[in-house]
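Colleague: Quick one: the structure is below, questions incoming.
The values are calculated or read from the model by the stated rules, or taken from the named source; none is laboratory data. Source: prediction; values computed, not measured. For neighbour counting, all protein chains shown are included, and Cβ atoms are generated from backbone atoms with ideal geometry for every residue, glycine included. Note: areas computed on protein heavy atoms with side chains; ligands, DNA, RNA excluded. Shrake-Rupley method; radii C 1.70, N 1.55, O 1.52, S 1.80 Å.
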Amino acid sequence: MSDTLETPAVPTTLLKGKRILVAKPGLDGHDVGAKVIALALRDAGAEVIYTGLRKSPGFIARVAVDEDVDAVGLSILSGSHKELVADSIAALAQEGASAIPVFVGGTIPAEDVAMLLDLGVKAVFTADMKLDDVIAEVAAGLRGQPT
Amino acid sequence: MNVAPRSPILDRRALGRALSRAADAALADILATPRDESRHLARRIGVTGPPGAGKSTLIAALARHRLARAGQVAIVAIDPTSPKTGGSILGDRIRMDGLVDDPRVFIRSLASRSATDGLADNLPEILGVFDDFGFDEIILETVGVGQAEFAVRDLVDVELLVLSPGAGDQIQAMKAGILETADIFVINKADQPDAAKVEAELKATLALTAPGEPPPVLRVRADAGENIAALDAAIEHAAEHQAAHGPDARRRRVRQRVRGLVWRQLTAVLARLPQEALDQPLPALYAAVLAGLAAGPAG
Ligand code: B12
Ligand SMILES: Nc1nc2c(ncn2[C@@H]2O[C@H](COP(=O)(O)OP(=O)(O)O)[C@@H](O)[C@H]2O)c(=O)[nH]1
Ligand SMILES: [Mg+2]
């Protein structure tokens, strides 16, 4: 609903009404970052679904479609981000959900960022970024998305 | 739209999108395009009870049994919205991972938004979408209830109240509320030492509050699937006595629907009220709020 047309972005409502899936693809068991991000998104007003650890790209795409989320956030600290991101984006396409924007966070070396963006990822985040900036950039990435 | 039963859900993307439209629909839009109440109706099973009792785990176990009876099963799970930020963590479906690969199951998580009755804004509209898509059954998990939220009663055909050991004190507190409305009582976590004690306490309380035939009380272990078949059978039995498709059930649903819409409008009117308005005498304030309600939805 667009009852807040051009109101200035108050931090707590930046993501109001947005549904966001935070997902952990692959085999890595690092979940601190995913949980930190899930809570930060919630505190920015989002409705957050967290998949839990070790999910396949197909599982993540199915949940994204059923929940009709506004964004999928992949949290990857295993080093397998290239394969997992490519597979997750392919799985979304197979479910007819290519329109859902994908964000990636975790231990992503700077030299891999361009490659992920080429795959269609909206933005890539690492632990050295300020949480507020991460949330603001996710919100910016969602603005103008078809809903 | 009539999808043949016992088949996979055909267009999950379309269904997912339709559910979002229903959830986000403005009051004015809902009133402008009222749903047809006389179409196919999915049977609705409501699952309520305190946080942590095992509702989500139980639904995961129960759905497997229901699938043997129904072609397509929807699960709708509600978690609370923070009144401060409007945000929420929708954590129920994490207990239902094993169902995600089943093409006949559709799980949807909802935030309560402005609703404070254990349900969610636009819930009747959202559930109606599953009717449109030909689902046979909907299992609805409410927000973990305190003691007074029994609005779910009007929305479902069969209501389950899930309790677990350690809920002894809650039973006392609950007796005037949902204890009177549930059709089936489930004591979950039968593996824990106090399960028998809770069951005895519950039965004693029920004997006092509900005269006549005592409602079924079942002890189960949701995380191991124990005694879920008996619960499944009890649901079937209760549903047969409910005449889910009769005029009474329909009217109950309509009552809850209109209540939900008025509640949303009331929340909006109160939010728009200028601070000074709260300084006027109560009768004047009351009249102002009623006038706000009568003015109808704004946008
Ligand atoms: C803590 C830790 C562990 C803990 C994990 C506990 C847990 N439950 O999470 C334990 C001790 C269990 C562990 C184990 C291992 N670990 Co470890 N671990 C770390 C460590 C030190 C910190 C990770 C962390 O929690 N950071 C804090 C959080 C808040 O940061 P974050 O996850 O990066 O998230 C932030 C951003 O990236 C971003 N973000 C993250 N996800 C998302 C998602 C979205 C949508 C958005 C918007 C943003 C976002 O926002 C977050 C907040 O700022 C890192 C090193 C490091 N400095 O990263 C190694 C590290 C990740 N581990 C590593 C390894 C190799 C392992 C092990 C394989 C070690 C071993 N040989 O046994 C095991 C494997 C465990 C497993 N099953 O996968 C390597 C990974 C190498 C790689 N990527 O190629 C690292 C990088 C250490 C290193 N330099 O070698 N580990
Ligand atoms: N011991 C035991 N734990 C259970 C059982 N069923 C569920 N649980 C656990 O109880 C906790 C809460 O379960 P959940 O389904 O999320 O409860 P809800 O908040 O009512 O939906 C989880 O840690 C479950 O694993 C059971 O039968 N026995
Ligand atoms: Mg739950």
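Colleague: For helix B:282-294, report the angle its Cα long axis makes with the longest principal axis of the Cα atoms of chain B; keep it between 0 and 90° and round to the nearest 10°.
Modeller: Between helix and principal axis, roughly 80 degrees.
Colleague: Right, here's the next one. Given H placed on each backbone N at 1.01 Å, which residues far from residue B:218 in sequence or on other chains put an amide H within less than 5 Å of it?
Modeller: B:185, B:186, B:187
Colleague: Rounded to the nearest 100 Å², what's the accessible area chains A and B bury against each other, both chains counted, probe 1.4 Å?
Modeller: Using a 1.4 Å probe on protein heavy atoms, the buried area is about 2400 Å².
Colleague: For chain A, what is the accessible area per residue in Å² when the probe is 1.4 Å?
Modeller: On a per-residue basis, chain A sits at 47 Å².
Colleague: Then there's this: With point charges of +1 on the Cβ of Lys and Arg and -1 on the Cβ of Asp and Glu, referenced to the Cα centre of region A:19-138, which listed residue (A:56, A:34, A:69) lies farthest in the positive direction of the dipole?
Modeller: Of the listed residues, the answer is A:56.
Colleague: Here is a further query. Give me the percent of accessible area attributable to carbon and sulfur for region A:19-138, probe 1.4 angstrom.
Modeller: So the carbon and sulfur contribution to the accessible surface is 58 percent.
Colleague: Count, for each residue of B:79-87, the Cβ atoms from other chains sitting within 10 Å of its Cβ, then give me the mean as a whole number.
Modeller: 6
Colleague: Hey, another quick one. I want to verify a result. In a Gaussian network model of chain B, Cα cutoff 10 Å, which of these has the top mean-square fluctuation: B:16, B:128, B:144?
Modeller: Of the options given, B:16 has the highest mean-square fluctuation.
Colleague: Nearest 20 debye, what's the magnitude of the dipole of region A:19-138 about its Cα centre given +1 on Lys and Arg Cβ and -1 on Asp and Glu Cβ?
Modeller: Dipole magnitude for region A:19-138 comes out near 280 debye.
Colleague: Let me ask something else about it. Taking every residue in B:105-111, how many Cβ atoms of other protein chains lie within 10 Å of its Cβ, on average?
Modeller: Average neighbour count from other chains, rounded to a whole number: 4.
Colleague: Right, next: Could you tell me the relative contact order of chain B? Use alpha-carbon pairs under 8 Å, at least six residues apart, and round to a whole percent.
Modeller: 22
Colleague: Using only the Cα atoms of the protein assembly as shown, each taken as one equal point scatterer with no solvent, compute I(q) by the Debye sum, divide by I(0), and report log10 of the ratio at q = 0.11, 0.13, 0.14 Å⁻¹.
Modeller: Taken in order of the listed q values, log10 I(q)/I(0) reads -0.92, -1.22, -1.36.
Colleague: Check cross-link reach from residue A:35 to the lysines: straight Cα distance under 28 Å, and skip same-chain residues fewer than eight apart.
Modeller: Partners found: A:16, A:18, A:24, A:55, A:82, A:122, A:130, B:55, B:84, B:189.
Colleague: Charges on Cβ only, +1 for Lys and Arg, -1 for Asp and Glu, centred on the Cα centroid of the protein assembly as shown; of A:114, B:59, B:185, which one is farthest towards the dipole's positive end?
Modeller: B:185
Colleague: Exactly which trypsin sites (Lys or Arg not before Pro) in region B:65-131 are in a DSSP loop and have at most 11 other Cβ atoms within 10 Å?
Modeller: Those satisfying the criteria are B:84.
Colleague: With a ≥ b ≥ c taken as the square roots of the eigenvalues of the C-alpha gyration tensor of chain B, please select rounded if a/c is under 1.5 and otherwise prolate if a/b is larger than b/c or oblate if it is not?
Modeller: Because a/c hits 1.5 or more and a/b fails to exceed b/c, chain B counts as oblate.
Colleague: Ignoring ligands, DNA and RNA, what accessible area per residue does region B:194-299 give at 1.4 Å, in Å²?
Modeller: Spelled out: the 1.4 Å probe surface of region B:194-299, per residue, equals 61 Å².
Colleague: So what's the back-of-envelope 222 nm ellipticity for chain B, counting only DSSP H runs of four-plus at -39500 (n - 2.57) apiece and dividing by all residues, rounded to 500?
Modeller: So the helix-based figure for chain B works out to -12500 deg cm²/dmol.
Colleague: Which trypsin sites (Lys or Arg not before Pro) in region A:28-74 sit in a loop by DSSP (not H, G, I, E or B) and have at most 15 other Cβ atoms within 10 Å of their own Cβ?
Modeller: When the trypsin sites (Lys or Arg not before Pro) of region A:28-74 are filtered for loop state and at most 15 Cβ neighbours within 10 Å, A:54 remain.
Colleague: Something else: Along region A:85-96, what does the Karplus equation 6.51 cos²θ - 1.76 cosθ + 1.60 (θ = phi - 60°) give for ³J(HN,Hα), rounded to whole Hz, x for Gly and Pro?
Modeller: 5, 4, 5, 5, 5, 5, 5, 4, 4, 5, 8, x
Colleague: Still on this structure, I have one more. What average number of partner chain Cβ atoms lie no more than 10 Å from the Cβ of the residues making up A:66-78?
Modeller: Per residue, the number of nearby Cβ atoms from other chains is 3 on average.
Colleague: Using the C-alpha gyration tensor of region A:19-138, what are the square roots of 5 times its eigenvalues, in whole angstrom, with the largest one first?
Modeller: Whole-Å semi-axes of the equivalent ellipsoid: 18, 17, 14.
Colleague: A follow-up question, please. Taking amide H positions as placed in the peptide plane 1.01 Å from N, state which residues far from residue B:141 in sequence (5 or more) or on other chains have amide H under 5 Å from it.
Modeller: B:47, B:76, B:77, B:78
Colleague: So, one more: Just to make sure I understand: if all protein chains stay in place, what is the order of A:115, B:96 by accessible area at 1.4 Å, largest first?
Modeller: Solvent-accessible surface, decreasing: A:115, B:96.
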